[in-house]
Each structure stands twice: as C-alpha cells, then as structure tokens.
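The values are calculated or read from the model by the stated rules, or taken from the named source; none is laboratory data. Just so it is clear, the structure is predicted and the values come from calculations on it, not from any experiment. Glycine gets a Cβ as well: all are built from the backbone with ideal geometry, and neighbour counts include every protein chain shown. With ligands, DNA and RNA removed, areas are computed over all heavy atoms of the protein, side chains included. Shrake-Rupley method; radii C 1.70, N 1.55, O 1.52, S 1.80 Å.
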Amino acid sequence: MSELIMRKNYLEDAEIETVYFGGGTPSLLSADEINRIFDTILKNYPVGKLKEVTLETNPDDLNKQYVHSLRNTPVSRFSIGVQSFRDEDLLYMKRAHNAQQADHAIKTAQDAGFSNLTIDLIYGTPGLTDKAWKDNLMKVNELGIPHFSAYALTVEEKTALHQAILHKKTQPVDPEQAAGQFEILMEQATLLGYEHYEISNLAKPGHQAIHNTNYWMGNSYLGIGPSAHSFDGKSRQWNIANNPQYAKSILQDGKPQFEVETLTPIQHLNEYIMTSLRTMWGCDLGKIAKELGEEYAVEVEKSSHLFQEKRWVVQDGRKLILTNAGRLFADRVAGEMFIG
C-alpha cells in the first residue's frame, strides 16, 4: 500500500477504469486485506469511471467461504487458472488442482453471484486430441463463462516440465498440433457465439476484458509490487523482482527500486503495430497519422501489401486487420511491418 501512495501522481490524475489483482497468487489475500488495499486506492486515485475489478485465482483457492467473503469487496470479476477440464492435461502441466476442482470453483463463484468470469485454457498439450480440445471449448460454453483466454502450451527453461522433456520422461510439445488446435479454436469460437477479439482472448458480445483491451490499445497503466510494470505513454518502468530488495526499497529508501526505458516515437509506433494487430479492431492508420504524421501511416500501409497479397491481412478503410490465416503468423507479420 505504501507504493500506491508514493506513486499516486504517476498517471497524472487519469481516471482509473480497471483494477487487476494479478501476478503471484493474489487469491491468498483475505477480503479484509483487499478492502484495505482498495481503501488506499480510493483515497489517492480518481475512480469515478471504475468499471472492472479483477482477481486472479487458482481453482483450489475458490472455496465457498472465501468466495462469499469477496462479495463484501469491490472485486467484480474472477480470472480463474483452469487450463483444462481434463485431469490428464493438468497432470502433464504439474498443476495443483484437478478437473473436478476447476468445475466446482466456477460453479461456486456463479452461485455466489459472480457472473463476470474469465478462465484460461491451454492447447497443444501432448495427448490432447482435437476432439478433447473441442470438448474443453464446449465445456466453457456449457458453464456459461462469458470470457476465456486460450494459449498454446509453451515450455519454459528450468521448469519441472522442461526437465522432464529433456530427460525423456514425458512427451515434447508438437508445434503442428498447436497450430491445428488454434484453427479449431477460431472455428469453434464462431459456432459458440464468442468474438475472437484478440488472438488469445474470446468473449461473448459485450464481455471483452476492459483491462486487457486498454493495454492492447496502448493506454497508460500503473503496476504496483515486485516485478510490476508500468507505462505512462512515453516510458516503461519495472520494479525489481527480488522481494526482500523490493521491501527494503519501500521501507528504508522511501521509493521503489526500478529500471526505466524511454520509448522513441518509432518504438512506440512499433509496439502499437504489434499489439493492435492482435485485436479484431486492427491497426488504425488514422491514429498513426494523427500521432506521428501521414508519412508514417503511408509507410505502415505499404509494409502490409505483401501480407494483403497472401491474404493474411485485409484493409478495411484505414484499418489493417489480420485474417484467420494471418493470425497463425501474427508475430511474423507485425515484425516485418515494423518501421525503422
């Protein structure tokens, strides 16, 4: 809470639209602790336009008592780390919960009156057949979950899974399987009535995540705590990751210890190209022209011609939008459209 007070001027009195409790395990916070944090926000930040307060949580944390206690907090939305409704996948990913707990957590939240939920799912897991992946997606719809995120399984170095694959104790990830299941994701999204509004995020109409959408649109944000990142529209800064050093910087030095990177206009433009192309709204050439000049908009448009010929990008007025085929190559498209 101390850092919240120290950095209250970082966003220059911008109205706060969203609060997101994420990173680590924020569901370890009690309802009283969440309320104390929120009281500090209310006293130091303009929140008249607050629309969304999200708490990240693991399925095994959402018991009935805890969920009901959160009814007395500003939390309005849960992000539940389900990852799969199949025990086989959860065992492969070394998750602490099982499929029954995932199902129970969602229903417990809904029974307590939390209808605004999002979960995450992982595809490309060895052993996950295309039919099983479709069943996972059907389960999301059957449970009435208005928003979900879907990510291809990635194996980080130095993790238990990485070591198991190296020592051939478990199967490696197959990129072709992941690509095929991403195509299934796009097909099923349409059939089930979800808008695929960002490459990894899908929502029923009117249920897009406000917090994440603001990030993709390049809006400013403030991150509090160890490793937290912030962006003021001109520069990025990130707090040190070491918990004891972070605490010392706050308690003894009276300010967080962080690194900062000031973005050049071209860097800012390239970041916008990368994030906006991920969304269904696309890259707005008019916005680029307004902020940097028409010559930059023209250059970005020219850089898209090759991908328009491949039918990976379509142009709708002044918007450049990835097609379903193009979404499979989103990073490549964005990288080759960068300026400078």
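Data for the structure
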{"quantity": "Condition check for Gly81: on the phi > 0 side of the Ramachandran plot and either modelled with pLDDT under 95 or buried (at least 18 other Cβ atoms within 10 Å of the Cβ) (or both)", "calculated": "no"}
{"quantity": "Residue check, Gly223 at pLDDT 95 or above, under 19 Å from the mean Cα position of the chain (by Cα) and among the small types (Gly, Ala, Ser)", "calculated": "yes"}
{"quantity": "Residues of the stretch 207-244 satisfying the condition of being among the β-branched types (Val, Ile, Thr) and in contact with a helix residue (DSSP H, G or I) (Cβ under 6 Å, 6 or more places away or on another chain)", "calculated": "Ile224, Ile240"}
{"quantity": "Selection count where residues are in a helix (DSSP H, G or I) and among the charged types (D, E, K, R), scope the stretch 221-276", "calculated": "2"}
{"quantity": "Failed item in (1) touching a helix residue (DSSP H, G or I) at 6+ places or on another chain (Cβ under 8 Å); (2) at pLDDT 95 or above, with Thr323 passing the rest", "calculated": "(1)"}
{"quantity": "Residues being more than 17 Å from Ile224 (Cα to Cα), among the charged types (D, E, K, R) and without any contact (Cβ under 8 Å) to a residue 40 or more places away in the chain - total across the stretch 23-60", "calculated": "2"}
{"quantity": "Number of positions in the stretch 240-257 that are surrounded by 10 or more Cβ atoms within 10 Å (Cβ to Cβ) and within 11 Å of Glu3 (Cα to Cα)", "calculated": "7"}
{"quantity": "Per-region count, the stretch 187-202, residues of a type outside the set (Ser, Thr, Tyr), farther than 20 Å from Ile80 by Cβ and surrounded by fewer than 16 Cβ atoms within 10 Å (Cβ to Cβ)", "calculated": "3"}
{"quantity": "Unmet requirement for Leu320, which otherwise passes all of (1) open to solvent by 60 Å² or more (accessible area, probe 1.4 Å); (2) not in a helix (DSSP H, G or I)", "calculated": "(1)"}
{"quantity": "Scope the stretch 295-311; condition not small (Gly, Ala, Ser) and not in a helix (DSSP H, G or I); matching residues", "calculated": "Lys310, Arg311"}
{"quantity": "Odd one out for Leu90 among (1) in a helix (DSSP H, G or I); (2) buried (at least 19 other Cβ atoms within 10 Å of the Cβ); (3) at pLDDT 95 or above", "calculated": "(3)"}
{"quantity": "Pair list, Cβ < 6 Å and 6+ apart or interchain, from the stretch 199-210 residues that are within 22 Å of Gly326 (Cβ to Cβ) and outside any loop (DSSP other than H, G, I, E, B) to residues that are open to solvent by less than 50 Å² (accessible area, probe 1.4 Å) and of a type in the set (Gly, Ala, Ser)", "calculated": "Asn201/Ser149; Leu202/Ala189"}
{"quantity": "Residues that are within 18 Å of Glu15 (Cβ to Cβ) and either open to solvent by 50 Å² or more (accessible area, probe 1.4 Å) or without any contact (Cβ under 8 Å) to a residue 24 or more places away in the chain (or both), drawn from the stretch 213-235", "calculated": "Tyr215, Met217, Asn219, Ser220, Tyr221, Gly223, Ile224, Phe231, Asp232, Gly233"}
{"quantity": "Odd one out for Val260, checked against (1) farther than 21 Å from Thr213 by Cβ; (2) of a type in the set (A, V, I, L, M); (3) out of contact with any strand residue (DSSP E or B) (no Cβ under 7 Å at 6 or more places or on another chain)", "calculated": "(3)"}
{"quantity": "Selected residue (only one of Glu271, Glu309 is within 18 Å of Val333 (Cβ to Cβ), modelled with pLDDT of 95 or more, out of contact with any His (no Cβ under 9 Å at 6 or more places or on another chain) and not hydroxyl-bearing (Ser, Thr, Tyr))", "calculated": "Glu309"}
{"quantity": "Search result, residues across the stretch 165-183 that are open to solvent by less than 50 Å² (accessible area, probe 1.4 Å), in contact with a helix residue (DSSP H, G or I) (Cβ under 6 Å, 6 or more places away or on another chain) and either within 16 Å of Ile122 (Cα to Cα) or assigned to a helix (DSSP H, G or I) (or both)", "calculated": "Gln181"}
{"quantity": "Residue under evaluation Ala96, criteria (1) out of contact with any Leu (no Cβ under 8 Å at 6 or more places or on another chain); (2) more than 21 Å from His211 (Cβ to Cβ); (3) open to solvent by less than 50 Å² (accessible area, probe 1.4 Å); (4) in a loop (DSSP other than H, G, I, E, B), criterion not met", "calculated": "(3)"}
